[in-house]
1. Taking the criterion of being surrounded by 18 or more Cβ atoms within 10 Å (Cβ to Cβ), charged (D, E, K, R) and part of a helix (DSSP H, G or I), would at least one residue in the range 114-131 satisfy it?
2. Looking only at the range 31-66, how many residues end up being at negative phi and without any contact (Cβ under 8 Å) to a residue 40 or more places away in the chain?
3. Suppose we filter the range 280-322 for residues that are free of Cβ contacts under 8 Å to residues at least 12 places away in the same chain and among the charged types (D, E, K, R); how many remain?
4. Quick one: in the range 201-241, which of the residues that are open to solvent by 10 Å² or more (accessible area, probe 1.4 Å) and within 14 Å of ligand 1 (Cβ to nearest atom) is nearest to the chain's Cα centre (by Cα)?
5. At least 1 residues that are under 13 Å from ILE119 (Cα atoms) in each: list the helices (runs of 4 or more DSSP H) lying fully within the range 1-107 that qualify.
6. Within the range 174-192, restricting attention to residues that are within 14 Å of ligand 1 (Cβ to nearest atom) and open to solvent by less than 20 Å² (accessible area, probe 1.4 Å), which residue is farthest from GLN143 (Cα to Cα)?
7. Assess whether TYR151 counts as being among the aromatic types (Phe, Trp, Tyr) and touching a Gly at 6+ places or on another chain (Cβ under 8 Å).
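The values are calculated or read from the model by the stated rules, or taken from the named source; none is laboratory data. Small disclaimer: the values here were computed from a predicted structure and weren't measured. Every residue, glycine as well, gets a Cβ built from its backbone with ideal geometry; the counts of neighbours run over all protein chains shown. Side chains included, ligands, DNA and RNA excluded: accessible areas come from the protein's heavy atoms. Shrake-Rupley method; radii C 1.70, N 1.55, O 1.52, S 1.80 Å.
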Amino acid sequence: MKERIEQVRAALAVNEAALIESGANRFYLTGFPSSAGQLLITPQDAYFIIDFRYVEKARATVKTANVILMENSREQIARLLAQDGATHLYVEAESTSLSRFAALRDGLPGVTLCEGDKIDRALVEARAIKTREELANIVAAQQMTDETFTYILDRITPGRTEREVMLDMEFYMRRLGSEGVSFDFIVVSGKNSSLPHGVPTDKKIERGDFVTMDFGAVVNGYHSDMTRTVAVGTVSEEQRRVYDTVYAAQAAALDFIRPGVACIEVDRVARDLIYGAGYEGCFGHGLGHSVGVEIHENPSCNTRCQEILRPGIVMTIEPGIYLENKFGVRIEDMVYLTENGTENLTKSEKKLLIV
Ligand code: ZN
Ligand code: ZN
């Protein structure tokens, strides 16, 4: 984990320091989950300034930085910068608010606050490539997700509401040991399934509905993400045609994705197939995103991302077709990019299940 701090420091000149305040990056660099705290990386050292609620645990567990009890953090930062000879301070451009930026600029006399995004870029770069340990956490989270899918299958019955199914899944997953939910679970049925990010309602599941479930677990701070769509009782020809198209689009993208190809090309493989089948305009989101200490990380497979895929990336592949006022289908797996290809981390059944 010390290497991660080195990767940030490598982006800095000899008189520059970095202040990390976002929860995800702070956790990534310290391994310490907390709702507050500041990590200051100077040319010589690293300091984790954390308040009384966390300091005891932080002192016992954080190995990558000197743990300091937060008193007046602005004065503490000023003193550490002066002590380590840093005259310029970078913050995270993406997550630092204008008011926070102004407060630091005005509160640190003699220090130049820098507006560039090189800290963000260094961290996106580092976080994209998962270590073995990070991968093991994602795999463990996905195993809980697969197990929850198996559990819920015969509990999706006409008369139960979307919310009941969602709560059942969440409770089961937490009992398996998930630290929380990867994000608010999506359980949508019938007409609601045409909403890609619909919220579970009190609508009762009915025979003939498609039920789309998008969910994931968290293990040691790492997330998993999976979507499955199942039919209840019976399936119409149109439903089957849409399902088969999404399935084929995902299969084509899974077959195509590998190190060396651009994200946009992977998206195109699935998109061309869906549009070619007559569903242009019905797949209005990107094909996938990286997953790690946050559910949505970079790079992403969409119609804009030109980044070249590399070994170590964990990417979702989640094509969908959404027919307004009718129904929708999405199928989502997570793949890990190896040296020569991919490993699919998602083991749940994918052929159309009628429950
Ligand atoms: Zn998802
Ligand atoms: Zn996703």
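1. Yes: one or more hits.
2. 25
3. Residues flagged as free of Cβ contacts under 8 Å to residues at least 12 places away in the same chain and among the charged types (D, E, K, R) within the range 280-322 amount to 1.
4. Within the range 201-241, the match that is nearest to the chain's Cα centre (by Cα) is HIS223.
5. Those helices (runs of 4 or more DSSP H) span 2-9, 23-30.
6. VAL188
7. On the way: among the aromatic types (Phe, Trp, Tyr): yes; touching a Gly at 6+ places or on another chain (Cβ under 8 Å): no.
In short, no.
Residue-by-condition table, conditions (1) open to solvent by less than 30 Å² (accessible area, probe 1.4 Å); (2) without any contact (Cβ under 8 Å) to a residue 24 or more places away in the chain; (3) under 28 Å from GLU294 (Cβ atoms):
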site	(1), (2), (3)
ILE68	no, yes, yes
GLU75	no, yes, no
LEU89	yes, no, yes
GLU92	yes, no, yes
SER95	no, no, yes
LEU98	no, yes, yes
